[in-house]
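Take this structure, written in structure tokens, and hold onto it; I'll ask about it next.
The values are calculated or read from the model by the stated rules, or taken from the named source; none is laboratory data. None of the values given here were measured: they were computed from a predicted structure. Note: ideal-geometry Cβ built from the backbone for every residue, glycine included; neighbour counts use all protein chains shown.
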Amino acid sequence: MSKITWDNIQNQSDEILSDGLYTLKSRPFDNFSNVTENGFGNYLISLDKKPFYIGEAKELLKRVKQQAKPTTSTFYKNYLKVSKTNQLIKPVDIDNFKIQFITTKIGRKEIEEFGIVNLPTKLNSFQLDKRKKFEIKNQNGLWLSVQNEFADILKQGETKLFKTTFQPWFNLTTISNAGLYLVKDKSDRLIYIGESSDVGERIATHSGRTYFSALRRHIGTDILGFQLKEINKKKRYFSDSEDKKVTDYLSSCKSTVFTVNFGRYELEEYLIKKHRPLLNRKGNKDE
């Protein structure tokens, strides 16, 4: 890569992730208890040096502790399920698994998705088709170079995003790619920032009924003053008349979508922390 810019890392995301996964796989195999890193990162869990599960975390130490306990471990619960139906996989104690990890300042979700496809990992049950096949190899320090420039990269991404055109919600031209979407109310106030591995699918979810949509729930409760009703012990929906008013409110909003091949989690977090959208609760608070 001649120069590390937002556009360049989006265009060469596979090469960057190839180097990142190479870096992760080159780390020593360790016991869960030896992990002390407590920042953003990625981890790879293996058995007999064969990769079984890849993950990402905002708090690496906390996530690893969760994965190390059979009662709370996502990967180990999946392992036990698979071992019951596959005679080639014999159950072993969780302590037999080893972990490799790296700190990740930008691209942690994408490296997880990339690893699921290209290692591949047997115990990841989601994000199975979010990246294309690509060779894992040393790309001459490309991953580290991008990590070192993460702050400037996010600022460039912000600049490009806010140059995009906001359109009425129900006239929005959507994409099927990974990326971000921003929502403004009729007074041009930024009220919500979201991300998805399929932005078009997420926009469709928000455009329907409230049950599966956090955006609609927050519009109903925080702006329109409705009370969520309970179903299956979860407060998830409004009455039909209230739901229609949420849809009417969305009709008055404008939105834009922004393709992101690398760094969507970090860009979303950076923007929420900086712009404090009304309806974003996670990450929208003082440190």
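Hey, among K65, K58, K81, which residue is over 21 Å from D198 (Cα atoms), assigned by TED's automatic domain parsing to the domain that holds S26 and more than 24 Å from the chain's Cα centre (by Cα)?
K81
Going by the structure shown, is E15 assigned to a helix (DSSP H, G or I), over 18 Å from T121 (Cα atoms), among the charged types (D, E, K, R) and in contact (Cβ under 8 Å) with a residue 12 or more places away in the chain?
Details: assigned to a helix (DSSP H, G or I): yes; over 18 Å from T121 (Cα atoms): yes; among the charged types (D, E, K, R): yes; in contact (Cβ under 8 Å) with a residue 12 or more places away in the chain: yes.
So E15 fits the description; yes.
Here's another thing I want to ask about it. Kindly establish whether K274 is of a type outside the set (A, V, I, L, M), exposed (fewer than 14 other Cβ atoms within 10 Å of the Cβ) and modelled with pLDDT under 95. Please lay out each step first, then the result.
Values: of a type outside the set (A, V, I, L, M): yes; exposed (fewer than 14 other Cβ atoms within 10 Å of the Cβ): yes; modelled with pLDDT under 95: no.
No, not satisfied.
Any chance segment 95-118 includes a residue that's loosely packed, with under 13 Cβ neighbours inside 10 Å, in contact with a strand residue (DSSP E or B) (Cβ under 8 Å, 6 or more places away or on another chain) and of a type outside the set (D, E, K, R)? Let's see the steps before the verdict.
At the first step, the residues of segment 95-118 found to be loosely packed, with under 13 Cβ neighbours inside 10 Å are 95-96.
Those still in the list that are in contact with a strand residue (DSSP E or B) (Cβ under 8 Å, 6 or more places away or on another chain) too: 96.
Now restrict to residues that are of a type outside the set (D, E, K, R): 96.
Yes: segment 95-118 contains one or more residues that are loosely packed, with under 13 Cβ neighbours inside 10 Å, in contact with a strand residue (DSSP E or B) (Cβ under 8 Å, 6 or more places away or on another chain) and of a type outside the set (D, E, K, R).
Looking at segment 39-68, I want the residues that are among the acidic types (D, E) and have a partner that is modelled with pLDDT under 95 with Cβ atoms under 7 Å, at least 6 apart or on another chain. Which pairs are those?
Correct list of pairs: E59/N38.
Spot the failing condition for Q147; the list is (1) touching a residue at least 60 places away in the same chain (Cβ under 8 Å); (2) assigned to a helix (DSSP H, G or I); (3) touching a Ser or Thr at 6+ places or on another chain (Cβ under 9 Å), and only one is missed.
(1)
Moving on. Just checking, how many residues over segment 50-91 are assigned to a loop (DSSP other than H, G, I, E, B), farther than 24 Å from N118 by Cβ and at pLDDT below 95?
Looking only at segment 50-91, we keep the residues that are assigned to a loop (DSSP other than H, G, I, E, B), and these are 58-59, 69-73, 86-91.
Next, from what is left, pick out any that are farther than 24 Å from N118 by Cβ: 59, 69-72, 87, 90-91.
Then keep just the ones that are at pLDDT below 95; that gives 87, 90-91.
Looking only at that region, the number is 3.
Run down N140, N124 and say which single residue is surrounded by fewer than 13 Cβ atoms within 10 Å (Cβ to Cβ), assigned to a loop (DSSP other than H, G, I, E, B) and at pLDDT below 95.
Working: N124 fails: surrounded by fewer than 13 Cβ atoms within 10 Å (Cβ to Cβ).
Residue meeting the stated conditions: N140.
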